[in-house]
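Have a look at the structure below before the remarks.
The values are calculated or read from the model by the stated rules, or taken from the named source; none is laboratory data. Because the structure is a prediction, the values reported are computed rather than measured. Every residue, glycine as well, gets a Cβ built from its backbone with ideal geometry; the counts of neighbours run over all protein chains shown. Just the protein is used for accessible areas: all its heavy atoms, side chains included, with ligands, DNA and RNA removed. Shrake-Rupley method; radii C 1.70, N 1.55, O 1.52, S 1.80 Å.
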Amino acid sequence: MKHEKVAGLSAADIDRIIEMAWEDRTPFDAIEGQFGLSESDVIALMRRELKPSSWRLWRARVQG
């Protein structure tokens, strides 16, 4: 993940990105449009912020 993108995010922004990523109806494009993070940036952020068990659950959902 590019540190300059993440460094500009507040804790509230990170919480909102996680919330959006968990919602089935929110595409990665919407997160990128709002926060400027690519799909790979969001995946890296989720890996960093979530507990390992939550990360695995989320990844399984995202991958279908």
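The figures follow:
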{"item": "Computed Rg/Rh of the chain, alpha carbon atoms with Kirkwood Rh", "result": "0.93"}
{"item": "Restricting the stretch 21-64 to GluC sites (Glu not before Pro) in coil, as DSSP defines it, with at most 12 other Cβ within 10 Å", "result": "23"}
{"item": "Length gained when the stretch residue 55-residue 18 is fully extended (0.36 nm per residue, less Cα-Cα span)", "result": "12.2 nm"}
{"item": "With every protein chain in place, the chain: carbon and sulfur % of accessible area (1.4 Å)", "result": "49"}
{"item": "Rounded accessible area per residue of the chain, 1.4 Å, Å²", "result": "65"}
